[in-house]
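Chemist: Submitted below is the structure of interest, expressed as structure tokens.
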Amino acid sequence: MLRMSFLEHLEELRSRIIKALMGVAVAFVASLVFTKPLWNFIKAPASAALKSLGYKPELVAIDPMEQFNVIWFKLPVVCAIFLSSPWIFYQIWAFISPGLYRRERRWAVPFVLSSAGLFITGGVFAYFVAFRFALTFLLGIGQDMDVVPMVSITHYFDLFVDVMLGIGLVFELPILIFFLILLRILTPGFLIRHSRYAILAIFIIAAIVTPTPDVFNMMLFAVPMCMLFYVGVFAGYLLVLHRENRRFPWKKAMTIVIPVLLILGLALYVAITRFGVKLVPHAPFILR
């Protein structure tokens, strides 16, 4: 690709985009088969939030075309994007890999798996944690002033997609950092020295992305993003060590990490057995 002309680069890009869209189309058709269970899954946060606030757990349609547009078109499209994300990221890699060194092209499988995994993990985090907290907060506004929420499926689904895709893309931060280090644009040392600016930018992004104005929900976005930033820096540091034929001191690191994990596990065990704390499969995940 380094010897290709500008128009040849555009032709290659067009080919990769078409192949990615073909994968989305196949996933779209597959999603149509499971439309009903998928819609029940997507509306579950709204039903839970409305029920917890004492309202009827139901959404409304205020336009004759809403059900068709949302349930039979927009819903399969969003599901298709998540299902076909490994194929999409593979097409991205196939487009940029010819411009890398031969030894760097071996990162193809880790790139595809980690990119798709982080994107899906972001969607899972948004669904089970961030979106549920935000939705309960938003629907509860005005409850003490006799304001009854009437949520249309279009507005609900638009908010759902914004949060799911937004957080899914935010979870790609380690991949972005790793690639900037791979292309020698940034270094781990530079990122660590300027990490305070990165954290400030992360909190600004979290304040913009968060659908509610409260600090708690903003922290639900910001804290994982900060963790992902340092994960990306650490992955880039391992890459630099590999380039310099050095090894990371895993044994020394494990002597610190393992005792910390054991202490956390012991604290959780004491909280469950002595103080009646219970782990539940939904937010806030820990109840007493």
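Since every read-out is calculated from the coordinates, none of them should be taken as a lab result. Here the structure is a predicted model, which means the values were calculated and not measured. Quick reminder, even Gly has a Cβ in these numbers, built from the backbone with ideal geometry, and neighbours come from all protein chains shown.
Chemist: Name the residue, out of 266, 241, 220, whose mean-square fluctuation peaks in a Gaussian network model built on the chain with Cα pairs under 10 Å.
Modeler: 266
Chemist: Oh, and also: With a 10 Å radius around each residue's Cβ, average the other Cβ atoms per peptide and rank 44-57, 171-184, highest first.
Modeler: Top to bottom by mean Cβ count within 10 Å: 171-184, 44-57.
Chemist: Per residue of the chain, what 222 nm ellipticity follows from adding -39500 (n - 2.57) for every DSSP H run with n ≥ 4, rounded to the nearest 500?
Modeler: Calculated mean residue ellipticity at 222 nm is -23500 deg cm²/dmol.
Chemist: Moving on. Anyone know which of 121, 136, 255 comes out most mobile in the 10 Å Cα GNM of the chain?
Modeler: 255
Chemist: Also, I was wondering about something else. Could you give the DSSP H helices of the chain that reach 27 angstrom or more along their long axis (alpha carbon positions) and whose average Kyte-Doolittle hydropathy is no lower than 0.0?
Modeler: 6-33, 215-243, 250-275
Chemist: For a quick check, take a GNM of the chain with Cα springs below 10 Å and name the residue from 23, 166, 142 with the largest mean-square fluctuation.
Modeler: The residue that fluctuates most here is 142.
Chemist: Magnitude of the Cβ-charge dipole of the chain, K/R +1 and D/E -1, about the Cα centre, nearest 20 debye?
Modeler: With only Lys, Arg, Asp and Glu charged at Cβ, the dipole is about 1500 debye.
Chemist: Quick one, which of (1) 1.08; (2) 1.02; (3) 0.98 is the actual Rg/Rh (Cα atoms, Kirkwood Rh) calculated for this model?
Modeler: Read-out from the structure maps to (2).
Chemist: So for the stretch 69-175, averaging the separation of alpha carbon pairs under 8 Å that are six or more residues apart and normalising by length, what relative contact order in percent results?
Modeler: For the stretch 69-175, the relative contact order is 37 percent.
Chemist: Continuing with the same structure: If I model a spin label at residue 187 and residue 246 as a point 7 Å from the Cα along the Cα→Cβ vector, what separation in nanometres do I get?
Modeler: Taking the two extended label points, one gets 1.1 nm.
Chemist: Just flag the GluC sites (Glu not before Pro) in the stretch 52-122 sitting in loop per DSSP whose Cβ has no more than 15 other Cβ atoms within 10 Å.
Modeler: Answer in residue order: 58.
Chemist: Counting Lys +1, Arg +1, Asp -1, Glu -1, what net charge surrounds residue 164 among other residues with beta carbon under 14 Å of its beta carbon?
Modeler: So the surrounding residues net to 0.
Chemist: Let me ask something else. Pulled fully out, how much extra length does the chain show between residue 36 and residue 56, if you take 0.36 nm times their separation in residues and subtract their Cα-Cα distance?
Modeler: Taking residue 36 through residue 56 to full extension adds about 5.2 nm, to one decimal.
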